[in-house]
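Note sheet for the following structure.
The values are calculated or read from the model by the stated rules, or taken from the named source; none is laboratory data. Since the model is a prediction, treat every value here as computed from it, not as a measurement. Heads up, the Cβs are rebuilt from the backbone with ideal geometry, glycines too, and the neighbour counts pull from every protein chain shown. Just so you know, the surface numbers come from the protein's heavy atoms only, side chains and all, with ligands and any DNA or RNA stripped out. Shrake-Rupley method; radii C 1.70, N 1.55, O 1.52, S 1.80 Å.
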There are 2 protein chains.
Amino acid sequence: MSETLVDAPEAVAAYLRARTDTDVETIVGCFAPDAVVHDEGRDHVGTEAIRAWTNGVAAAYTLTRTVRSVRSIGPATVVAVEVAGNFPGSPVVLHHHFTLTDRGIAALTICP
Amino acid sequence: MSETLVDAPEAVAAYLRARTDTDVETIVGCFAPDAVVHDEGRDHVGTEAIRAWTNGVAAAYTLTRTVRSVRSIGPATVVAVEVAGNFPGSPVVLHHHFTLTDRGIAALTICP
């Protein structure tokens, strides 16, 4: 991904590494069972919905991700990820807002 | 705002009430000093930047906000707010992802 990932909390780094490797079960395992993901304007709540979302992203796109910045404030980590691939307007920088708990990622919002 | 706001943590309810009242200093006081706000594709980091962002939104728009749903998962609270006003495409539902700490809101991301 990028050298800046060394600044990220472990759950965030694990998520971003697994995304690069399209490792669906590792991605799902990064989240708390009742986590909420918001991506492309939609909510995905709980393990099964997050698995379906993860598979959907992996099936729809071939993406290259580069971490541009990482900032942590308490349980929040905000990561700017440059995403390039087979979509109109590529590349874009996507804002990732993670809320972390000791059970994993509780909430993730991805948006421009 | 809405009956559903009674389900929100106090800092989130205070933020949304103060937005309705365009009470800039109360809004700024809801955030931790090193908080990050991401809105309309831009980051606003720290008290002074958050005050400028708050003033900018208040100056640019006359908005009506209606809380549609509130979900809390540990330190994360996710709120769907219907926003209507003087902008193209009104009304829209905006996703608000808050990360809370005992110092206030650590991070807020607003996006469709």
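Being under 11 Å from the mean Cα position of the chain (by Cα), of a type in the set (A, V, I, L, M, F, W, C) and not in a helix (DSSP H, G or I) is a property that does not hold for B:V83. Residues that are touching a residue at least 12 places away in the same chain (Cβ under 8 Å), under 17 Å from B:L108 (Cβ atoms) and within 9 Å of chain B (Cβ to nearest Cβ): does the stretch A:79-91 have at least one? Scanning the stretch A:79-91, I find at least one residue that is touching a residue at least 12 places away in the same chain (Cβ under 8 Å), under 17 Å from B:L108 (Cβ atoms) and within 9 Å of chain B (Cβ to nearest Cβ), so the answer is yes. Filtering the stretch A:79-96 to residues that are more than 18 Å from A:T62 (Cα to Cα) and either crowded, with 23+ Cβ neighbours inside 10 Å or touching a Leu at 6+ places or on another chain (Cβ under 9 Å) (or both) leaves A:V79, A:A80, A:H96.
Of the residues A:R17, A:R51, which is part of a helix (DSSP H, G or I), more than 22 Å from B:C111 (Cα to Cα), open to solvent by 70 Å² or more (accessible area, probe 1.4 Å) and basic (K, R)? So the residue among A:R17, A:R51 that is part of a helix (DSSP H, G or I), more than 22 Å from B:C111 (Cα to Cα), open to solvent by 70 Å² or more (accessible area, probe 1.4 Å) and basic (K, R) is A:R17. Of the residues making up the stretch A:1-33, just one is in contact (Cβ under 8 Å) with a residue 60 or more places away in the chain and acidic (D, E), namely A:D7. Quick check on the stretch A:20-38: of everything there that is out of contact with any helix residue (DSSP H, G or I) (no Cβ under 6 Å at 6 or more places or on another chain), open to solvent by 20 Å² or more (accessible area, probe 1.4 Å) and not in a helix (DSSP H, G or I), which residue is nearest to B:T109 (Cα to Cα)? My answer is A:D34.
The condition of being closer than 25 Å to B:H44 by Cβ, away from chain B (no Cβ under 14 Å) and either among the basic types (K, R) or open to solvent by 20 Å² or more (accessible area, probe 1.4 Å) (or both) holds for A:T66. If you take the residues of the stretch A:97-110 that are open to solvent by 10 Å² or more (accessible area, probe 1.4 Å) and in a strand (DSSP E or B), which of them is nearest to A:V67 (Cα to Cα)? Applying the filter and picking the extreme gives A:I110.
Being of a type in the set (V, I, T) and not in a helix (DSSP H, G or I) holds for only one residue in B:T4, B:T64, and it is B:T64. Among residues belonging to the stretch B:69-78 that are among the small types (G, A, S) and more than 8 Å from every other protein chain (Cβ to nearest Cβ), point out the one that is surrounded by the fewest Cβ atoms within 10 Å (Cβ to Cβ). Filtering first and then ranking leaves B:S69.
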